[in-house]
Amino acid sequence: EVGINNLIFLEVGIGVPRGPVDFMSEEWQDLYVHAVREAERLGIRILLGAGPGWCGSGGPWVKPEESMKHLVFSETEISGNKKVNIELPIPEQRSTVWHTMKDPYYEDVAVYAVPDSIVPVIADINEKALYERDPYSSKPNVKPYLPALAKYDEPEESKILEHSEIINLTDNLQSDGHLIWDAPAGNWTIIRMGKRVTGASSRPAPQPAIGLESNKMDTLAFRNHLKNYTDILLEKTAPRKEGVGWTGFHMDSWESGAQNWTEGIVDEFKKRRGYDPEPYFLAYTGRAIESVEITERFLWDLRQTCKELVLENHVEFGKAYAHRNGLELTIEPYDMNPAGDLDLGAIADVIMAEFW
């Protein structure tokens with residue numbers, strides 16, 4: 001009666017008491033079907049969010065191995081010229097204000113020894129290696145983009161890590177986390193690197209809907225998320241009227257942060273960038289390998305690869321999924337996403353924004 005003909009349906013729990021109907025329970029599903037039927041009767045269009053909360057596509061059904069992941073590391077100092085048998089600490093999960101969900105999931109990726117004199121020198125490594133991306137519009141001093149300089153100030157050579165100085169000890173790591181190694185003379189830093197969940201979760205969702213965010217670089221992870229959510233609702237609401245009722249698949253503002261690891265990322269990197277990233281993994285720690293410029297170029301290549309995987313395996317897949325089910329894709333493409341707002345928004349059928 002007042003002219004409302006379009007709405008976004010998001011299952012959000014923030015600042016209000018919980019009601020008696022749990023998210024995705026049989027009663028909840030029946031009520032969603034009722035909402036769709038009423039919208040069809042009244043000529044209203046419903047855009048359903050890609051997941052509970054308003055920040056992404058996750059839920060309690062997302063397994064840790066299918067969630068957003070990053071490459072984490074721990075460092076242990078040792079003296080050489082002897083055989084060492086030490087337990088290396090498991091790298092801790094790197095939570096931020098946007099990544100708060102704890103999970104014990106961990107898998108080793110690599111172990112390296114480097115001279116202990118080689119310490120981190122790369123500024124803003126948390127952003128450059130996609131550990132963090134804060135919202136530019138609502139947090140002070142956030143860079144709108146990461147600059148790629150024509151020339152970088154290089155530190156003295158003693159602070160640069162040469163490939164010949166890196167010793168790969170991955171095969172020396174035992175299943176119980178102990179490192180057994182005949183260490184040469186000198187002081188060494190042992191860096192244990194592995195993958196853990198970022199801790200991004202379906203927020204702000206009510207308790208029954210809280211869970212990890214699905215991997216934004218993996219089509220299979222996104223598909224499995226949708227099987228537990230929209231696939232069920234699509235079946236329950238069929239057949240649907242065309243042009244009214246449930247008409248849209250909506251990706252709300254990107255608040256699940258960045259990730260810098262996924263299954264198969266090494267092969268994807270080789271295919272897309274033309275070289276092996278493994279010799280540069282230590283750049284994730286902020287150390288300069290060969291030179292600051294070469295390290296910065298690797299980190300740019302890393303971000304470019306992650307961007308392409310997000311766009312292709314998450315957003316493009318989401319658009320194809322929506323169209324296959326008679327829905328349009330709407331996106332609010334900001335403002336912590338690792339793919340770039342314009343690139344992300346360009347894929348949408350309808351690009352959206354919000355303001356106060």
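Pick from T330, T262, T305, T295: which is touching a Phe, Trp or Tyr at 6+ places or on another chain (Cβ under 6 Å), under 30 Å from S137 (Cα atoms) and β-branched (V, I, T)? Reasoning before the result, please.
Working: T330 fails: touching a Phe, Trp or Tyr at 6+ places or on another chain (Cβ under 6 Å); T262 fails: touching a Phe, Trp or Tyr at 6+ places or on another chain (Cβ under 6 Å); T295 fails: touching a Phe, Trp or Tyr at 6+ places or on another chain (Cβ under 6 Å).
Going through T330, T262, T305, T295 in turn, the sole match is T305.
Contact annotation: residue pairs with Cβ atoms under 8 Å, 6 or more positions apart or on different chains, pairing a residue in region 259-278 that is assigned to a helix (DSSP H, G or I) with a partner that is of a type in the set (G, A, S), are E278/A110.
Starting from residues that are assigned to a helix (DSSP H, G or I) and small (G, A, S), keep the ones in region 199-234 and report whichever is surrounded by the fewest Cβ atoms within 10 Å (Cβ to Cβ). Please lay out each step first, then the result.
Just the residues of region 199-234 that are assigned to a helix (DSSP H, G or I), to begin with: 207-209, 219-227, 230-234.
If we keep only those that are small (G, A, S) too, we end up with 209, 221.
Working: A209: 24, A221: 26.
Here the answer is A209.
Looking only at region 235-264, which residues are open to solvent by 10 Å² or more (accessible area, probe 1.4 Å), of a type in the set (V, I, T) and more than 18 Å from Y321 (Cβ to Cβ)?
First pass over region 235-264, keeping only residues open to solvent by 10 Å² or more (accessible area, probe 1.4 Å): 235-236, 238-244, 247, 251-252, 254-255, 261, 263-264.
If we keep only those that are of a type in the set (V, I, T) too, we end up with 244, 247.
Result: V244, single match.
In region 300-329, how many are of a type in the set (S, T, N, Q), more than 22 Å from N224 (Cβ to Cβ) and crowded, with 20+ Cβ neighbours inside 10 Å? Walk me through it before giving the result.
Our first condition is that a residue be of a type in the set (S, T, N, Q); within region 300-329, this holds for 304-305, 313, 325.
Going one step further and asking which of them are more than 22 Å from N224 (Cβ to Cβ), we end up with 304-305.
Keeping just the survivors that are crowded, with 20+ Cβ neighbours inside 10 Å gives 305.
Within region 300-329, residues that are of a type in the set (S, T, N, Q), more than 22 Å from N224 (Cβ to Cβ) and crowded, with 20+ Cβ neighbours inside 10 Å number 1.
Select the strands (runs of 3 or more DSSP E) contained entirely in region 8-99, then report the ones holding at least 1 residues which are open to solvent by 10 Å² or more (accessible area, probe 1.4 Å) and within 17 Å of T237 (Cβ to Cβ).
Details: elements: 45-49, 69-79, 82-87.
Hits in region 8-99: 45-49.
Comparison of R297, R287 shows that the only residue that is over 20 Å from the mean Cα position of the chain (by Cα), among the charged types (D, E, K, R) and open to solvent by 50 Å² or more (accessible area, probe 1.4 Å) is R297.
Beta carbons closer than 6 Å, at least 6 apart along the sequence or on distinct chains, pair a first residue in region 162-187 that is under 18 Å from D116 (Cα atoms) and in a strand (DSSP E or B) with a second that is modelled with pLDDT of 95 or more and basic (K, R) for D182/K83.
Considering each of Y112, Y136, Y131, Y105 in turn, give the residue that is open to solvent by 80 Å² or more (accessible area, probe 1.4 Å) and either in a strand (DSSP E or B) or in contact (Cβ under 8 Å) with a residue 60 or more places away in the chain (or both). Of Y112, Y136, Y131, Y105, the one residue that is open to solvent by 80 Å² or more (accessible area, probe 1.4 Å) and either in a strand (DSSP E or B) or in contact (Cβ under 8 Å) with a residue 60 or more places away in the chain (or both) is Y136. Of the residues A209, A221, the single one that is within 26 Å of L7 (Cα to Cα) and small (G, A, S) is A209.
The values are calculated or read from the model by the stated rules, or taken from the named source; none is laboratory data. Note that the coordinates shown come from a computational prediction; the quantities given were computed from them, not determined experimentally. Reconstructed Cβ throughout: ideal geometry from the backbone, glycine too, with neighbour counts over all protein chains shown. The area values use the complete protein model at the heavy-atom level, side chains included, leaving out ligands, DNA and RNA. Shrake-Rupley method; radii C 1.70, N 1.55, O 1.52, S 1.80 Å.
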